[in-house]
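In what follows, a single structure is set out as structure tokens and then discussed.
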């Protein structure tokens with residue numbers, strides 16, 4: 001992003017999303033620009049945000065929304081729960097990594113750790129098949145899970161933002177591995193290698209949220225909320241500043257922006273998104289154990305984010321669909337022992353021949369068709 005593009009984006013973002021400043025008591029309507037200007041300045045930011053979303057909605061967005069809404073009514077319970085709902089929950093966790101890596105330039109391998117912290121917190125304060133659980137109301141357990149996981153993500157960011165490149169990857173990987181061994185060896189809080197089995201999924205108005213149809217729409221709601229939140233944040237002044245820090249942190253620091261503060265805030269935002277996905281994954285599996293936060297899952301979240309593409313918030317959900325389909329059906333083709341070999345081969349092919357995952361192939365194909373049929 002060049003300096004001119006960044007200034008233009010910042011000016012557009014500030015004018016479009018910032019809260020209007022209240023006029024000075026000494027200023028008169030004439031000085032402020034008349035009655036019409038005063039009415040324009042009084043428009044609330046949420047209304048402007050909603051108007052901007054409506055302006056950006058395209059036919060393809062409506063088609064995708066219609067497909068994901070109708071999908072559980074035409075698919076079997078297996079595809080609704082095992083494929084659809086799991087892809088949405090994993091995509092939400094991978095979305096937190098996409099936000100950090102694609103728009104903040106910070107590759108963190110601790111996002112599944114943050115999700116696991118949320119899952120463990122819910123199991124500890126909620127109800128499960130072990131005597132360690134405190135059996136508090138599930139709503140309070142969810143709030144505590146989100147708050148504690150987000151605080152831990154902020155602390156991870158505070159340690160990580162002082163490093164760059166491979167050092168950031170290594171320190172987040174070390175934190176993830178440390179939490180894995182802590183959960184595996186601690187029995188008084190994390191119940192050791194067994195973890196928490198039979199974690200209770202709440203019932204709301206008599207509806208079991210772990211049933212395929214309710215859980216799918218619950219995961220869809222939070223995935224759509226996470227997608228819209230990230231899409232809005234990337235066009236807000238904070239998101240623009242974060243992308244500027246990604247491209248040239250020294251220039252942003254010279255302009256007066258707090259580079260460290262923005263990066264830590266980005267970790268906190270990503271941690272909140274991953275925490276929601278972690279609670280969904282605990283409800284999906286009905287359990288949480290050290291295997292849920294093992295090294296393999298730390299890498300899997302990175303694979304999911306890269307498969308879909310790191311340059312758009314929809315990328316992690318596309319990558320999650322591919323990953324879950326391979327996870328469920330690759331075993332029938334090549335055997336359970338070689339499942340990771342197939343995932344690795346698909347990952348290498350996409351990385352070698354696409355600069356932005358599956359979305360890069362899609363964009364290249366659209367450009368090719370446009371050039372071919374445009375000339376015709």
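The values are calculated or read from the model by the stated rules, or taken from the named source; none is laboratory data. This is a predicted model, so every value here is computed, not measured. Glycine also receives a Cβ, built like all others from the backbone with ideal geometry; neighbour counts cover every protein chain displayed.
Worth a mention:
- Taken over region 169-178, the criterion of being surrounded by fewer than 23 Cβ atoms within 10 Å (Cβ to Cβ) and touching a helix residue (DSSP H, G or I) at 6+ places or on another chain (Cβ under 7 Å) is satisfied by 171, 173, 175, 177.
- Region 117-144 residues that are free of Cβ contacts under 8 Å to residues at least 24 places away in the same chain and on the phi > 0 side of the Ramachandran plot, paired with ones that are surrounded by fewer than 22 Cβ atoms within 10 Å (Cβ to Cβ) and part of a helix (DSSP H, G or I) (beta carbon under 9 Å, 6 or more apart): 135/125
Each row is one residue, and each column tells you yes or no for (1) in contact (Cβ under 8 Å) with a residue 12 or more places away in the chain; (2) closer than 22 Å to residue 138 by Cα; (3) out of contact with any helix residue (DSSP H, G or I) (no Cβ under 8 Å at 6 or more places or on another chain).
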site	(1), (2), (3)
159	yes, no, no
188	yes, yes, yes
197	yes, yes, yes
203	no, yes, yes
214	no, yes, yes
219	yes, yes, no
227	yes, no, no
236	yes, no, no
241	yes, no, no
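- Under the condition of being within 23 Å of residue 230 (Cβ to Cβ) and assigned to a helix (DSSP H, G or I), the residues counted in region 103-121 number 11.
- Search result, residues across region 123-137 that are under 17 Å from residue 292 (Cβ atoms) and either under 19 Å from the mean Cα position of the chain (by Cα) or assigned to a loop (DSSP other than H, G, I, E, B) (or both): 126, 128, 129, 130, 132, 133
- Failed item, numbered, when residue 210 is tested on (1) free of Cβ contacts under 8 Å to residues at least 40 places away in the same chain; (2) farther than 27 Å from residue 173 by Cα: (1)
- Conditions (1) surrounded by fewer than 12 Cβ atoms within 10 Å (Cβ to Cβ); (2) at pLDDT 95 or above; number of the one not met by residue 50: (2)
- At least 3 residues being crowded, with 18+ Cβ neighbours inside 10 Å is the threshold, and among the helices (runs of 4 or more DSSP H) wholly inside region 194-305 those reaching it are 212-235, 237-247, 259-285.
- Residue check, residue 140 more than 19 Å from the chain's Cα centre (by Cα) and part of a helix (DSSP H, G or I): yes
- For region 160-185, a residue qualifies if it is farther than 18 Å from residue 293 by Cβ and in a helix (DSSP H, G or I), and the qualifying residues are 166, 167, 168.
- Leading residue by the ranking (modelled with the highest pLDDT) among those in region 315-361 that are surrounded by fewer than 18 Cβ atoms within 10 Å (Cβ to Cβ) and outside any helix (DSSP H, G or I): 355
- The listed residue being touching a strand residue (DSSP E or B) at 6+ places or on another chain (Cβ under 9 Å), closer than 20 Å to residue 299 by Cβ and either buried (at least 24 other Cβ atoms within 10 Å of the Cβ) or at pLDDT 95 or above (or both), out of 91, 116: 116
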